[in-house]
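What follows is a short report on a single structure.
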Amino acid sequence: MGNCLTCFKEPTNPALDSSPNCRKEEMPEVQLYPAPSHVPASTAPSETLLSNGNHLTAIPETTITRFYPRKTHSKSAPAMGLSDSKPSDAKVNQLFDQYKDSSDDSILAEGIEQLCKDLGVSPDDFKILLLAWKLNAEQMCRFTRAEFVSGLKAIRADSIKSIQSRLPELVSEVDQNVEQFKDLYRFTFRFGLDSASGQRILPTDMAVLLWRLVFTVREPPILSRWLAFLECHQSVRGIPRDTWNMFLNFSEAVGDDLSCYDDNEAWPSLFDDFVEYENDQANQNISKEKDCEGLIIIEQKD
């Protein structure tokens, strides 16, 4: 499959078991000195007369000695939200079979479209990119059986309902966890390449689409200006991996208004061109403002 986006358009504390079926084991209560048989069990003799005339006080029968402590039956309480921590292999494979292509043991464009429909998510939604990331898909419009099975097991899902439940959680994870987002960001470049043809540079139009998509969360302030720059310069035919990866650092380093940009840094030349373009645009705006002010002054004098 190519770089088409058509199919994307659309880690416990132990708890006591209170179950009545779990009986606690204990030794029967044993008295070292049981009461004589002629004395009622509820009444123990206060003392005994020995042959030598001495008196021996009997041990109260309430004294109890246990040979070992009581055993308690405990089990780890399941972590919240992890009741489905072990998805069924059979169910995952059965789910895969519902969408796989009839002539290929993979889910292709048509199957992905149907999967998205059943999930109630548009194929070009950020959540589908997250799903592809978790499946570690090698290319667009294609999920292999190995990718699908291992990926769903990794996110603890084996049904449409469980996938729907996990997707919002994945969005929250990448939004709040910087390292998770970086991993997703790097994956997105590889995902956009046509691996079948050995493509190494991402076409600019595809890069623009994927930048917009991956920055659904954690969008940098300069993103819109960066994409506008690329769309205005048709001579920029492709985005290499280094440029893609370094844009994340660049967008964090230059600030909202590019005022922190240092041309002595070893940025890709395309970033230099972008900053120069933005500065030219800013200077033109300043010139226009001055011209407008001059016209207003002249009109006032007239």
Query - Test for Asp256: is it open to solvent by 90 Å² or more (accessible area, probe 1.4 Å) and modelled with pLDDT under 95 - result: yes
Query raised in the report: Which of the residues belonging to region 139-155 are at pLDDT 95 or above and not in a helix (DSSP H, G or I)?
Result: Arg142, Phe143, Thr144, Ile155
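One line per residue, one yes/no per condition, for (1) open to solvent by 50 Å² or more (accessible area, probe 1.4 Å); (2) of a type outside the set (Phe, Trp, Tyr); (3) closer than 24 Å to Ile128 by Cα; (4) not assigned by the TED database to the domain that holds Tyr185:
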| residue | (1), (2), (3), (4) |
| --- | --- |
| Leu202 | no, yes, yes, no |
| Met206 | no, yes, yes, no |
| Trp211 | no, no, yes, no |
| Leu227 | no, yes, yes, no |
| Val236 | no, yes, no, no |
| Ile239 | no, yes, yes, no |
Requested in this report: Could you figure out which of (1) open to solvent by 40 Å² or more (accessible area, probe 1.4 Å); (2) of a type in the set (Lys, Arg); (3) part of a helix (DSSP H, G or I) isn't true of Arg166?
Outcome: (1)
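Can you tell me which residue is surrounded by the most Cβ atoms within 10 Å (Cβ to Cβ) among those in region 125-138 that are closer than 15 Å to Glu113 by Cα and not small (Gly, Ala, Ser)? Steps first, answer last, please.
Filtering region 125-138 down to residues closer than 15 Å to Glu113 by Cα leaves 125-129, 131-132.
Those still in the list that are not small (Gly, Ala, Ser) too: 125-129, 131.
Values: Asp125: 19, Phe126: 20, Lys127: 20, Ile128: 21, Leu129: 23, Leu131: 26.
Looking at the filtered set, the residue picked out is Leu131.
The values are calculated or read from the model by the stated rules, or taken from the named source; none is laboratory data. Everything quoted here is computed from the prediction, not taken from an experiment. Heads up, the Cβs are rebuilt from the backbone with ideal geometry, glycines too, and the neighbour counts pull from every protein chain shown. Protein only, heavy atoms only, side chains kept; ligands, DNA and RNA dropped before computing areas. Shrake-Rupley method; radii C 1.70, N 1.55, O 1.52, S 1.80 Å.
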